[in-house]
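Participant: Dumping the structure here so I can ask a few things about it.
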């Protein structure tokens, strides 16, 4: 399999060729795996054996996507980052819904603050924080869709600043600025929601 | 209060400037913004305040999300097949994939053994005719018994009609993965090559053309035994995924006759093995090209192969072998029987 096939297949996918899509996904599977590894390395300095299940989920999600907007190979990295966000948020929502039987339970301001400097919070709390983050990302998308993409690449896919810049086709300086502002903006919104 | 309608890029630039400033310099900047646009200044002030903790917050959240122990790994638990039952099996984690499907580790409940299950892509299993064909092909393949050929225990379908192959779970590394860490020395390359030749000869003897010899289909167990996998499946892929004569396999390893849509026999596999040997020795493929069309043109041109300078330690006679394997005319390629005789060091 060669990544060189990707541009040709993308062209066919854009023309609505369903078969080309089925061919494309296995080709870009390695990129998904790369992303998963990058994310793991970034957060704990090792590579987990369980990146496989993340990649599998992303694969299924992308395979089920009827009209992907993949413009080129690097753009695919951005698409993969979005898929990773969906995977993690879906999981948090699903598990949360099971636990509390559909009742909306919001994370408290103290719990939110508790995350600073202490990563080992309860899973339930973490799930609530993720769901809240996702809601705030939805609002951020209205203000600036590009900021959301930066967050997806940096936070959910574990990409470095240069990698994010390449995936989104913007300069590293823009990524750096956008990432700083997006974090501040999201954190403030989350604080407002829990206060 | 939020940033909507305020001009995001203006805010971005101001925020970036202000957060680098401290004390009175920052206050001066905020004051000058305030004079022109009080609303923007308030927005900027609250963001700067949140920004003091935001970085640490996201670092902690990320760490908590991605560094949990195994049981707590959300990624492990969200695999839709993980933990489900298929026939006598309980599905464990996804271990690999190829053009012909995804492979899972699975526990056979009665035998208490770990096997590998290869699920065919969903779209390939669409029609009953294709399913019948797949089962027939695979049953044929499962007759090949040779140490260098991957064994097939069973061919079956899930309750919802997905086809799968049950195979031994080989503890080892695929050549594809091995090649990611670069080319190999001639001894190692010839060991892979020689064992692959023996396995492929057994496949051919059983009357099967592999049709998809690639580094992804060659595996070396931790005991050093090379296994040829997935023979006979490529033909199925033509049936299920191809349209007309358009080849859809792995183009870099396809023989010219296959790419040209001519009649293909077992010698197409010998070409593919030549490409694999080339890649092991040089760490690159013999017919490079940026696009599929360029690669295809390189392969079907029939011109003499351009061989890059020899890596250190590669015997010149190996170049001759690679050249013969990559002969445009199938008749000019060496026979497997000759290759499986002792090879030069």
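Values in this text are rule-based calculations from the coordinates and carry no lab data. Just so we're clear, the structure is a prediction, and the values are computed from it rather than from any experiment. Neighbour counts run over all protein chains shown; Cβ positions are idealised from the backbone, glycine included.
Participant: How shielded is B:46-56 by partner chains, expressed as the average number of their Cβ atoms within 10 Å of its Cβ atoms?
Facilitator: Shielding by partners across B:46-56 averages 6.
Participant: Fewest to most neighbouring Cβ within 10 Å: what's the order for B:332, B:338, B:154? Could you put the intermediate results ahead of the total?
Facilitator: Values: B:332 12, B:338 9, B:154 17.
Ascending number of Cβ neighbours within 10 Å: B:338, B:332, B:154.
Participant: What value in Å³ per residue do you get for the convex hull of the alpha-carbon atoms in segment B:269-312? The partial results should precede the final answer.
Facilitator: Working: hull volume 3.7 nm³, N = 44.
Dividing the Cα hull volume of segment B:269-312 by its residues yields 84 Å³.
Participant: Another question, if that's okay. Expressed as a fraction of 2.2 N^0.38 Å, the rule-of-thumb size for a compact globular protein of N residues, what is the C-alpha radius of gyration of segment B:172-339?
Facilitator: 0.98
Participant: Rounded if a/c is under 1.5, else prolate if a/b is larger than b/c, else oblate: which is segment B:296-345, with a ≥ b ≥ c the root eigenvalues of its Cα gyration tensor?
Facilitator: Details: a/c = 3.38, a/b = 1.18, b/c = 2.86.
Oblate, since a/c reaches 1.5 and b/c is not below a/b.
Participant: Something else about it: Listing B:129, B:279 from the residue with the fewest other Cβ atoms within 10 Å to the one with the most, what is the order?
Facilitator: Values: B:129 9, B:279 22.
Starting with the residue having the fewest Cβ neighbours, the order is B:129, B:279.
Participant: Assuming 0.36 nm per residue, please report the length gained on full extension of the stretch residue B:324 to residue B:143 beyond their Cα-Cα distance.
Facilitator: Numbers: separation 181, 0.36 × 181 = 65.16 nm, distance 3.06 nm.
Stretched out fully, the residue B:324 to residue B:143 stretch lengthens by 62.1 nm.
Participant: Rounded to the nearest 0.05, what FRET efficiency is calculated for residue B:37 and residue A:160 with R0 set to 41 Å and r the Cβ-Cβ distance? Mind showing how you got there, number by number?
Facilitator: Numbers: r = 35 Å, r/R0 = 0.84.
That gives a FRET efficiency of 0.75.
Participant: Can you put A:153, A:136, B:197 in order, fewest other beta carbons within 10 Å first?
Facilitator: On the way: A:153 29, A:136 20, B:197 26.
The most exposed by this proxy come first: A:136, B:197, A:153.
Participant: Distance from a point 7 Å along Cα→Cβ of residue B:262 to each backbone N in segment B:287-323: keep the residues under 16 Å and list them by number.
Facilitator: B:297-305
Participant: Something else about it: Per-residue Cβ counts within 10 Å, from other chains only, averaged over A:185-193: what number is that? Intermediate values should be presented prior to the final figure.
Facilitator: Values: counts 12, 4, 12, 12, 3, 3, 6, 4, 0.
That average works out to 6.
Participant: Same structure, new question: Using r as the Cβ-Cβ distance of residue A:142 and residue B:160, and R0 as 30 Å, what FRET efficiency do you calculate, to the nearest 0.05? Write out the running numbers ahead of the final one.
Facilitator: Values: r = 40 Å, r/R0 = 1.33.
Working from the Cβ atoms, E equals 0.15.
Participant: Which of the three applies to segment B:6-47, rounded, prolate or oblate, going by the alpha-carbon gyration tensor with a ≥ b ≥ c and a/c under 1.5 meaning rounded? Let's see the in-between values first.
Facilitator: Working: a/c = 1.95, a/b = 1.24, b/c = 1.57.
Because a/c hits 1.5 or more and a/b fails to exceed b/c, segment B:6-47 counts as oblate.
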